[in-house]
Amino acid sequence: MEPFLSTKNKKEISIVFILLAILSLLGGILFGSISALQFIIPGFLNNLPFFKCRPLHVGLVVAWIFLSSIGGIYYYLPKYCNLPLFSNRLPKIHFWIFLCTGVVILSCYVVGKFGGREYWEFPPILAIPIVISWILFGINYFKTVFKKVGQWPVYLWMWGTGIFFFLFTFSESYLWLFPYFSDNIARDITIQWKAYGALVGSWNMLVYGTAIFVMERINDDAKIAKSKLAFLMYFLGFTNLLFGWAHHIYIVPSALWIRYFAYAISMTELLILAKLIWNWKASVSEAKKHFHLLSYKFIAASDFWIFINLILALAISIPAINIFSHGTHITVAHAMGSTIGINTMILLASCFFLICDVTKCTFNKIQTKLIVTGFWLMNIFLLIFFSSLLFAGAEKGRLIIEDKLSFQEIMQNISPYLTVFTIAGIIISIGLLLITIPLLKVIVKYLKN
Ligand code: HEM
């Protein structure tokens, strides 16, 4: 076996990012399942209560999104964009910083050492290595892509924008450390949610860029990534990144037009991505569909989830509904519906493409059957998972506003929905295991040889 992360093999680093990404996803769904069980079995795993399990779950699934996007970018630039990386050492340093900081963050959650805020609940000092790793990633990315002459495909713009704005908004999300911001509640909340909204916008840039890249590769046609529609989507996504946060601050007295503007943009962005995938599906030949069966399936599924999430986003943008839904499980449905249905589907498509390309693996009949079963389990039960969260949220909203029940009474009333949610979530996790175990086996075999 070659030394871990040897310098001889440039490809290896991206696959090690993907390995860590898949392990994070599996850890994430384990803690997600434990958190869900804690909703319905009070006292379940008392040593690891909900307030610790939730950040462990969210932290790990967010790590999955970043690691799989980053691993893809490090591989696709030299291999498919004809752009050798400016440095092959920096990705290795990036990887180790990510891994070590990640382990410290997870340990902090396990021992109950917090100090941060939503999404980044770890002690703020740990933001420093994260910023350093993104600076290294940014230097490597921009020094690499600036060598590209001629028209850039849209995904190069998207990845660059995602990297720059992640760094910017991540830093912004720590402004509360300064009394000027934390001393004024309206200023504090506005900045906080502006930063978080834009953060999601910046990771969407990385993921949607990856979707367009994978579509281009499956079809072996560079037109899609240079099309007007793709660039329109990029500009809308960019505007969304700058202004799309406004719907997060319903409780702050801001001008109404800002919220509607933000909603309209975020929805047109998704509509155009759906349209791009729709057009692409029609243009992929049967032979190519068959050859890239697994990647194709996951991208096609994300199209369905874009529409489902669009409908929900439209509904919760109506102020009368928003009053009910705000802070209930409907918000969780919105967050998980898009991170599982859209982001995870796209990133799994990229993982299949990348892993098969690097290792030249093919899956035998049984493995393919298992993966396809996992795919259907994941999609069917995601629909049930998502719907049960919507029902639980709607009921909770009604009970809070109309019946003014206590938290305990509300949880009792919505427990049938939460039971369905938990069972569906556990089946989604089984589906994800069926999908990812064959991938893990291939990676381990590749790294051993
Ligand atoms: C790819 C898989 C998954 C992703 C990307 C994901 C993502 C997320 C995100 C972003 C949140 C935060 C929501 C918010 O702040 O409103 C969340 C919360 C949560 N997730 Fe997941 N999730 C995944 C799978 C699962 C599974 C399989 C389960 C359970 C069986 C689960 C259970 C939970 C629970 C219980 C919460 C906390 C909800 C609350 O605070 O009320 N997740 N997840």
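Coordinate-derived values only; no laboratory data. The structure presented is a predicted model; accordingly, all values stated were derived computationally and were not measured. Virtual Cβ from ideal backbone geometry, glycine too; neighbours counted across all protein chains shown.
What is the magnitude of the charge dipole of the chain about its Cα centre, with +1 placed on the Cβ of each Lys and Arg, -1 on the Cβ of each Asp and Glu, and no other charges, expressed in debye to the nearest 20?
Working: 34 positive and 18 negative charges, 297 e Å.
Using Cβ point charges on Lys, Arg, Asp and Glu, the chain gives about 1420 debye.
Give me the number: length gained by fully extending Glu409 to Asn47, i.e. 0.36 nm times residue separation minus the C-alpha to C-alpha distance, one decimal in nm. It would help to have the intermediate numbers written out before the result.
On the way: separation 362, 0.36 × 362 = 130.32 nm, distance 2.47 nm.
Working it through step by step, the gained length comes to 127.8 nm.
For segment 292-449, the residue among Ser325, Val420, Phe381 whose Cα projects farthest onto the positive side of the dipole built from Cβ charges is Phe381.
Taking the centroid of alpha carbons for each part, segment 129-171 and segment 352-429 are 33 Å apart. Magnitude of the charge dipole for segment 1-123, about its Cα centre and with charges confined to Cβ atoms of Lys, Arg (+1) and Asp, Glu (-1), is about 260 debye. Within straight-line reach of Lys404, meaning a Cα separation under 23 Å, sit the following lysines at least 8 residues removed in sequence or on another chain: Lys396. Here the Gaussian network model covers the chain, with springs between Cα atoms less than 10 Å apart; of Gly28, Gly397, Gly72, Gly397 fluctuates the most. The lysines within cross-link reach of Lys194, meaning a Cα-to-Cα straight distance under 24 Å and a gap of 8 or more places when in the same chain, come to none at all. Pairs exceeding a 25 Å alpha-carbon distance, out of Lys147/Lys448; Lys289/Lys365; Lys79/Lys223; Lys92/Lys223; Lys79/Lys147; Lys226/Lys360: Lys147/Lys448; Lys92/Lys223; Lys226/Lys360. Taking the charge dipole of segment 292-449 about its Cα centre, with +1 at Lys and Arg Cβ atoms and -1 at Asp and Glu Cβ atoms, the residue from Ile316, Thr339, Ile299 reaching farthest to the positive side is Ile299. Ranking Ile18, Ala195, Ile65 by how far each Cα lies toward the positive end of the dipole of the chain (charges on Cβ) leaves Ile18 at the top.
Computed from backbone phi, the HN-Hα couplings of segment 125-137 come to 4, 6, 6, 4, x, 5, 4, 4, 5, 6, 5, 4, 4 Hz, rounded to whole numbers (Karplus: 6.51 cos²θ - 1.76 cosθ + 1.60, θ = phi - 60°; Gly and Pro given as x).
Highest mean first, what order results for 184-197, 339-352, 162-175 on Cβ atoms within 10 Å? Write out the running numbers ahead of the final one.
Details: 184-197: 17.4, 339-352: 26.3, 162-175: 19.4.
Order by mean packing, descending: 339-352, 162-175, 184-197.
Counting other beta carbons within 10 Å of each residue's own, what order do Glu286, Glu269 fall into, fewest first? Walk me through the intermediate numbers first.
Working: Glu286 7, Glu269 25.
Ranked by crowding around the Cβ, least crowded first: Glu286, Glu269.
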